[in-house]
Structures are given as structure tokens and as C-alpha cells.
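Enquirer: Sharing a structure here in C-alpha cells format.
Every read-out reported here was derived from the displayed coordinates using simple, explicitly stated rules and does not represent laboratory data. None of the values given here were measured: they were computed from a predicted structure.
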Amino acid sequence: MGRIVHFEIHVNDIERAKTFYGEIFGWVFEDWSQYAGMPYFGAVTGDAGEMGINGALMQRRGPAPDPGQPLNGFACTIGVGDYDAAEVAILRLGGTIAIPKYALPGMAWQGYYIDTEGNIFGIHQPDKNAG
């Protein structure tokens with residue numbers, strides 16, 4: 001089975017990224033640098049009993065994505081309880097809108113953002129009345 005079990009977000013400024021993801025989504029970080037041999041912070045993204053995965057922030061080892069370049073990797077989508085409040089927090093903490101909020105009719109609200117490190121991510125609020 002090929003289930004995804006871990007993710008890594010490559011960042012230029014780990015402390016800035018920890019603040020961004022920690023304040024918006026409530027992620028907690030653990031210093032795993034000694035295991036990785038580089039700045040590497042495990043991201044606990046929720047309760048172990050909830051569906052989802054944990055990951056990490058790691059020091060970027062090359063140039064950041066150019067503004068406006070097409071996605072050349074995976075985009076993680078993060079579940080939220082209040083889409084609009086999450087967007088306000090993203091923008092307040094330095095993120096920008098990549099694709100504005102749109103309806104997945106009868107299922108959810110979805111949109112994509114660029115974090116403080118130039119990475120694209122999505123947010124998703126389930127809502128059967130979306131449309």
C-alpha cells in the first residue's frame with residue numbers, strides 16, 4: 001500500500017514558517033535536527049486519533065520557487081473548520097492567495113495560498129451546502 005505517511009515543507013526561514021503554520025493551524029513543532037543532520041522540525045498536525053499525517057519543516061537546500069512558476073511538486077491541502085477565518089490568518093501572517101476560494105458543489109470550500117516561504121498549499125472546509 002502506498003499511503004503517504006509523512007510530508008516535508010522546504011523553507012528558507014524555519015522560525016518564520018513555524019510561526020506561520022503554528023498560529024494558523026495550531027501545529028506543534030519538535031526539533032529533530034540531531035536525527036536529520038540539518039535544521040529539521042517535526043510538525044505534529046493534530047491528534048493521533050484523527051485522520052491525517054504529520055510532517056516536518058526542513059531547511060531549503062536550493063533556491064525558493066520563482067513567483068508565478070507552475071507547481072513542480074505536491075501541494076498539501078489542510079482541513080479547516082472555518083475557511084474565512086483561516087484565510088484572514090494566512091493573509092495576516094504574510095501568506096498570499098494563489099487561487100481564491102471556490103466551491104466544490106455539495107462537498108466543500110477550497111482554495112490555494114502561497115506561504116511565507118514561496119510554497120503552495122490548499123485549505124479545505126467541508127460544507128455540504130457549498131455551491
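Enquirer: Could you work out how far helix 83-92 tilts from the main Cα principal axis of the chain, as a 0 to 90 degree angle to the nearest 10?
Expert: Approximately 40 degrees, to the nearest 10.
Enquirer: Could you give each residue of region 112-128 its phi-based ³J(HN,Hα) in whole Hz, using Karplus coefficients 6.51, -1.76, 1.60 with θ = phi - 60°, and x for Gly or Pro?
Expert: Once rounded to whole Hz, the list reads 10, 9, 10, 6, 5, 9, x, 8, 8, 8, x, 10, 9, 10, x, 6, 5.
Enquirer: Taking the C-alpha atoms of the chain, how large are the radius of gyration and the largest Cα-Cα span, Dmax, in Å?
Expert: Answer for the chain, Rg first and Dmax second: 15.0, 48 Å.
Enquirer: For I9, list long-range residues whose amide hydrogen, built 1.01 Å from N in the peptide plane, is under 5 Å from its own amide hydrogen.
Expert: A56, L57, M58
Enquirer: Let me ask something else. Starting from 0.36 nm per residue, how many nanometres of slack lie between N54 and H6 once their C-alpha separation is accounted for?
Expert: Residue separation times 0.36 nm, minus the Cα-Cα distance, leaves 16.7 nm.
Enquirer: Return one number: the angle in degrees, 0 to 90 and rounded to the nearest 10, between the long axis of the Cα atoms of helix 14-25 and the longest principal axis of the Cα atoms of the chain.
Expert: On a 0 to 90 degree scale, this one is about 30.
Enquirer: Run lengths n ≥ 4 of DSSP H only: what is the helix-derived mean residue ellipticity at 222 nm for the chain, with -39500 (n - 2.57) per run over all residues, to the nearest 500?
Expert: Rounded to the nearest 500, the figure is -5500 deg cm²/dmol.
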